[in-house]
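Structure first, commentary second.
The values are calculated or read from the model by the stated rules, or taken from the named source; none is laboratory data. Here the structure is a predicted model, which means the values were calculated and not measured. Here the Cβ is made from the backbone with ideal geometry for all residues, glycine too, and neighbour counts use every protein chain on show.
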Amino acid sequence: MESYLHHQGDSFLRRFDALSYLYLSRLLDYFDPFADEAALARLREAVTAFRVLSFDSDWRFDTSQSERMVRVLRACGLPVEFDELASPHGHDSFLLEPPGYHDAIREFLDRPRADVP
């Protein structure tokens, strides 16, 4: 894990100015996709279903953030499914193949969408 983090750090340094990464990180910390009432109104008109997946070891976007998204989507009357998956790889779990992850996505994408108007 340590060598992977060093590799990723070196890769970021070659591609980004260090301050730009701090600004991007801050943006991720403060961005709230549900803060704008007009955006919520448009979301209520969405014709889609949602599948929210979270990893139990992700400290960057922890499960409580995913659960909040699920609550807001359901409050908008949208069909949404949620699963928290176990993975020891933290935020980067989606880059790997933790048990159940690809199966959950495949099952969701392959399912007929009769529950979406």
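Okay, here's what the table says:
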item: Matching option when the condition is within 22 Å of Pro99 (Cβ to Cβ) and of a type outside the set (Val, Ile, Thr), among Leu85, Leu28; result: Leu85
item: Filter pass, Asp10 being without any contact (Cβ under 8 Å) to a residue 40 or more places away in the chain, more than 29 Å from Glu107 (Cβ to Cβ) and assigned to a loop (DSSP other than H, G, I, E, B); result: no
item: Residue match in the stretch 47-57 (condition: modelled with pLDDT under 95, surrounded by fewer than 16 Cβ atoms within 10 Å (Cβ to Cβ) and not hydrophobic (A, V, I, L, M, F, W, C)); result: yes
item: Residue within the stretch 28-38 that is surrounded by 13 or more Cβ atoms within 10 Å (Cβ to Cβ) and part of a helix (DSSP H, G or I) present; result: no
item: Any hit, the stretch 55-66, residues being of a type in the set (Asp, Glu) and not assigned by TED's automatic domain parsing to the domain that holds Arg111; result: no
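Residues checked against (1) touching a strand residue (DSSP E or B) at 6+ places or on another chain (Cβ under 7 Å); (2) outside the structural domain of Gln8 (by TED's automatic domain parsing); (3) on the phi > 0 side of the Ramachandran plot; (4) in a strand (DSSP E or B):
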position: Leu22; (1), (2), (3), (4): no, no, no, no
position: Ser25; (1), (2), (3), (4): no, no, no, no
position: Leu43; (1), (2), (3), (4): no, yes, no, no
position: Arg74; (1), (2), (3), (4): yes, yes, no, no
position: Gly77; (1), (2), (3), (4): no, yes, yes, no
position: Glu81; (1), (2), (3), (4): yes, yes, no, yes
position: Ala104; (1), (2), (3), (4): yes, yes, no, no
